[in-house]
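The block underneath contains the structure these notes are about, expressed in structure tokens.
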Amino acid sequence: MKKVFTTGQVAKICKVAPRTVSKWFDSGRLRGYRIPGSQDRRIPREQLIRFLKEHGMPLGELEEEGWHKILLIGTEKIFTDRIKELLPEDEDFKYEVASSGFEAGIQAESFHPDTIVIDLAMGRSEGLQIAQNLRRNIAYESTVIIAMASEDEASPEALSQFGFNEAFKKPFDTALLSERIQTMIDEKRENN
């Protein structure tokens, strides 16, 4: 995943001449920076995505990697609706929902989620098994897996041995979970 683009690369993505990209840059509409001691311009990925969206241009190959994909497993509709309200799809979030371990496996394979939220109310052992199975697969090594646990769950730390990064004990404010997901996304983007 590229983080910075040259004017030539941006021109290919936008299907315009490199000179056009330079004009966008020089007019301040497309933000970026110049390489010190040179006329070369660089455009950060986030700025390019913002520019394309503002001007109604197709994101092309940037589209899918611009999304933060969240797989919700065994969650209730009221939670699903609330999290989508707090982390809306028109702000780069994309969702899939699974109601069983089997469905979760299929969704994880085809959707490639960045974050997975598992409600252990679906069946604690099934939820733990899903997390363990995902962690055994190198493709989900950096995927954030969050447990929604019942009040009587021993401790959130105990769930980490099953592969969970975080655990939220019910009842909790969905806004706290959405803030935590946003924080983890920001941390991940900074480290990439």
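Nothing in this text is a laboratory measurement; each read-out follows from the coordinates by a stated rule. Note that the coordinates shown come from a computational prediction; the quantities given were computed from them, not determined experimentally. Please note: Cβ atoms are built from the backbone with ideal geometry, for glycine as well, and neighbour counts cover all protein chains shown.
Structural remarks
- In this label model, SER150 and GLU76 are separated by 1.4 nm, measuring between points 7 Å along each Cα→Cβ vector.
- Entries in LYS23/LYS188; LYS53/LYS188; LYS15/LYS94; LYS23/LYS94 that, when Cα-Cα distance is taken, lie over 24 Å: LYS23/LYS188; LYS15/LYS94; LYS23/LYS94
- Gain on full extension, evaluated as 0.36 nm per residue between ARG180 and GLU126 minus their Cα-Cα distance, stands at 17.0 nm.
- Residues GLU109 and LYS3, FRET efficiency given R0 of 22 Å [Cβ-Cβ distance, rounded to 0.05]: 0.25
- Among LEU120, LEU134, LEU52, residue whose mean-square fluctuation peaks in a GNM of the chain (springs only between Cα atoms under 10 Å): LEU52
- (i) 27; (ii) 32; (iii) 42, with the label sought being that of the calculated percent of Cα pairs over 26 Å apart: (iii)
- Taking the longest Cα principal axis of the chain as reference, the axis of helix 174-191 is set at about 50 degrees.
- Built amide H within the under 5 Å cut-off of PHE93, gap 5+: HIS68
- Length released on extending from LYS15 to ALA158, taking residue separation times 0.36 nm less the Cα-Cα span: 46.3 nm
- Over 19 Å [Cα-Cα, the range 4-58], rounded percent: 14 percent
- Each label was represented as a point 7 Å from its Cα along the Cα-to-Cβ direction; for GLU91 and ILE49 these points are 1.4 nm apart.
- Per-residue Karplus couplings for the range 76-87, computed as 6.51 cos²θ - 1.76 cosθ + 1.60 with θ equal to phi - 60°, are listed in order as 7, 4, 4, 5, 4, 5, 5, 5, 5, 6, 7, 10 Hz, Gly and Pro entered as x.
- Segment PHE172..SER38, full-extension length gain: 43.0 nm, with 0.36 nm per residue of separation and the alpha-carbon distance subtracted.
- Mean Cα-pair separation over length for the range 67-191, i.e. relative contact order, pairs under 8 Å, 6 or more apart, %: 24 percent
- The C-alpha atoms of the chain define a longest principal axis, and helix 101-111 lies at about 10 degrees to it.
- Within the range 19-65, GluC sites (Glu not before Pro) in DSSP loop having at most 11 other beta-carbon neighbours inside 10 Å: GLU61
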